[in-house]
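Structure record follows, encoded as structure tokens.
Computed from the coordinates by the stated procedures, all read-outs in this text should not be read as laboratory data. Remember, predicted model here, so these are calculated numbers, not experimental data. No Cβ is skipped: glycine too gets one built from the backbone with ideal geometry, and neighbour counts run over all protein chains shown.
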Amino acid sequence: MRSPRPLLLLLGSLLISCAGSPPPSPQASAPTQWDHDWARGAVFYEVFVRSFSDSDGDGVGDLRGLTSKLDYLNDGNPQTSTDLGVDALWLMPVFQSPSYHGYDTVDYERIDDEYGTAADFQRLLDEAHKRGIRIIVDFVMNHSSSQHPWFVESASSPSSPKRDWYVWRADDPGWTQPWGGSNRTWHEKNGAFYYGVFWGGMPDLNFSTPAVREEMKRLAGHWISRGVDGFRLDATRHLFANGPGDLQNDQPETHVFLKEFGDHVRGVNPRAVLVGENWTTTPAIAQYFAELPMNFNFPLAEEILNGVRDGEAAGIAGKIEEIQEIYPAGALDAPFLTNHDQIRIATVLKSDPAKLRSAAAVLLTLPGAPFLYYGEEIGLQNGPANNDEQKRTPMPWDASPTGGFTTGKPWFQLAPGTANVAAQTDDPGSLLSHYRKLIGARKSSKALREGSLELLTSGVKSDPVLAFTRESPGEKVLVLHNLSADAVVAGPYEGDGTDSIFSTGEIVVMQLEEGGWNVNLPAGASGVWRVK
């Protein structure tokens with residue numbers, strides 16, 4: 001039997017070298033380069049299909065329901081302003097799974113029966129692409145379900161042909177989860193122990209096994225060939241474990257395999273994107289840009305929420321400074337506010353309208369490809385508890401008892417509060433309208449979409465105003481966010497501030513006789529101006 005993966009402290013590099021593809025010959029052509037121009041500056045929208053829209057009344061959201069709501073997300077007509085205007089969707093797991101959440105896959109080639117058929121998925125792709133919406137899907141390759149046929153076969157006998165598709169050993173070394181707590185990561189089955197960093201129902205695949213590596217690359221190519229525009233890669237920092245504690249995170253072998261995987265995806269379609277979920281520090285995230293073109297910015301999300309909540313810009317500015325210092329040049333950042341694993345921002349900010357607008361404005365004026373979590377644009381609150389289901393409640397489309405989500409009984413109760421799409425659609429002062437205007441402003445300005453960022457706010461000195469410029473060839477914009485509950489005068493700034501792209505509140509621009517201009521920013525106000 002192959003030695004268990006986590007014991008390969010000294011042999012890991014050798015095994016990875018043996019497991020990977022052979023090196024190219026000297027005559028081999030140069031590898032295909034990534035082509036991600038479409039993603040730089042794009043706005044992504046995270047969708048939990050189960051909770052978005054139910055087409056058949058069984059209480060579970062499905063692909064047909066999502067397809068029916070595409071015009072809400074982007075109707076394909078840049079002249080209209082009644083859609084949200086997002087450029088891409090990230091679908092949380094849609095492959096066959098025994099759970100409500102789908103992060104324990106039993107068939108990586110089959111759409112979950114509760115969500116629809118292969119034809120339903122293809123129609124979603126086709127209709128989205130008609131509107132200029134790209135779709136990436138959650139690809140959960142760190143682990144499978146314990147019900148997956150691979151694991152059933154692997155667990156059946158030490159001599160099973162798939163025994164080394166998972167990580168087995170004769171005893172439990174007593175490791176616990178690397179993010180803290182007392183939950184163990186080795187689980188007993190048929191007299192042996194297998195590794196599963198999350199829980200026993202999701203055993204980790206063994207990426208030291210060449211056949212596993214090849215199968216995951218094949219599956220990625222399969223979905224890209226069917227029209228998928230890329231993948232969100234779940235739990236990427238846990239692909240390899242070499243010991244207890246932090247040795248279950250960010251191991252060298254992980255980076256080696258992700259390069260191999262990325263090279264394969266790029267060869268199939270260089271325009272496909274890979275977004276890594278690496279919930280860790282900025283320096284550790286920065287290392288993943290060597291293999292993955294995009295990575296979620298968890299530390300920045302935390303600073304945005306803290307800064308908006310506390311009315312203090314220094315923490316956000318300090319994190320941006322760190323990112324600019326550590327991230328490689330040209331890195332395609334993926335900023336966000338909250339996601340399906342976190343308490344919703346509306347609950348964190350106590351549904352304060354000014355703070356919700358500020359958070360949105362900060363996010364959508366940053367570089368990279370910002371991600372919105374479904375319902376954020378209407379101020380959807382968390383459920384009354386903190387378990388994951390309460391973070392993933394059905395989307396309220398109207399004020400009816402079932403929120404217009406289903407004609408039956410919703411799979412989970414709706415979140416508290418009155419936020420719904422119908423109440424905000426035609427209200428120019430609503431949070432939904434605010435998001436639409438922000439995304440429209442982003443699309444109207446190359447500097448906001450793709451430009452560099454120069455901070456005007458110190459990362460070490462208290463300041464209620466987050467100020468920076470964004471600049472691309474031919475365009476420079478000034479961005480100001482007053483995060484405080486008081487009006488402030490910001491400036492002076494050089495140039496002429498009369499060309500406004502976006503503003504909230506009664507902002508007053510004051511031209512100075514000696515040149516330049518000041519800005520009177522009401523509490524919670526944001527503004528963007530082209531600088532002449």
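What does the charge count near D486 come to, summing +1 for each Lys or Arg and -1 for each Asp or Glu among other residues with Cβ under 15 Å from its Cβ?
Values: positive: K355; negative: D310, E312, D352, D463, E506.
With Lys, Arg at +1 and Asp, Glu at -1, the neighbours total -4.
Expected output is a single nm value to one decimal: the length gained when fully extending between H222 and S462, i.e. 0.36 nm times separation in residues minus the C-alpha distance. What is it?
Full extension of this stretch gives 81.3 nm more.
What does the charge count near S503 come to, summing +1 for each Lys or Arg and -1 for each Asp or Glu among other residues with Cβ under 13 Å from its Cβ?
Numbers: positive: R357, K437, R530; negative: D499, E506.
Result for the local shell: +1.
Principal axis extents for the range 268-423, Cα atoms only, whole Å, descending order, please.
Largest first, the range 268-423 extends 50, 45, 26 Å along its Cα principal axes.
Which of K350/K391; K69/K446; K130/K217; K162/K189; K391/K437 have a Cα-Cα distance over 23 Å?
Values: K350/K391 15 Å; K69/K446 28 Å; K130/K217 28 Å; K162/K189 15 Å; K391/K437 26 Å.
Over 23 Å Cα-Cα: K69/K446; K130/K217; K391/K437.
Return the calculated 222 nm mean residue ellipticity for the chain, to the nearest 500 deg cm²/dmol, obtained by summing -39500 (n - 2.57) across DSSP H runs with n ≥ 4 and dividing by the residue count.
On the way: 15 runs with 143 residues, N = 532.
Calculated mean residue ellipticity at 222 nm is -8000 deg cm²/dmol.
Give the share of C-alpha pairs in each 5 angstrom bin for the range 190-238, from 0 to the last occupied bin, in whole percents, shortest bins first.
5, 16, 19, 23, 19, 11, 5, 2, 1
Need one number: % antiparallel among DSSP beta bridges in the chain, to the nearest 5. Kindly include the intermediate steps, with their values, before the conclusion.
Working: 40 of 64 bridges.
Antiparallel: roughly 60 percent of the beta bridges in the chain.
Once you keep just the Cα pairs under 8 angstrom separated by 6 or more residues, what percentage relative contact order results for the range 323-427?
On the way: 142 pairs, mean separation 26.0, N = 105.
Here the relative contact order equals 25 percent.
Compute the FRET efficiency between S182 and S81 as 1/(1 + (r/R0)^6), taking r as their Cβ-Cβ distance and R0 = 51 Å, and round to the nearest 0.05.
Details: r = 52 Å, r/R0 = 1.02.
Using R0 = 51 Å, I get an efficiency of 0.45.
Give a quick list of trypsin sites (Lys or Arg not before Pro) in the range 313-414 that DSSP marks as loop, anything other than H, G, I, E or B, with at most 10 other Cβ atoms within 10 Å. Could you put the intermediate results ahead of the total?
Working: sites: K319, R344, K350, K355, R357, K391, R392; in loops: R344, K350, R392.
Listed in order of number, the matching sites are K350.
Hey, if you drop one equal point scatterer on each alpha-carbon of the chain and run the Debye formula without solvent, what base-10 log of I(q)/I(0) do you get at q = 0.09, 0.12, 0.13 Å⁻¹?
-0.68, -1.17, -1.34
Give the peptides 220-227, 483-490 in descending order of average Cβ contacts within 10 Å, highest first. Don't skip to the end; give the middle numbers.
On the way: 220-227: 16.4, 483-490: 17.9.
Ranked from most to least packed, the peptides come out as 483-490, 220-227.
Which longest run of the chain has no exposed loop site in it, a site being GluC sites (Glu not before Pro) in a DSSP loop with at most 15 other beta carbons within 10 Å, and the site itself not part of the run?
Values: sites that count: E494, E506, E513, E514.
The segment 1-493 is the longest one with no such site.
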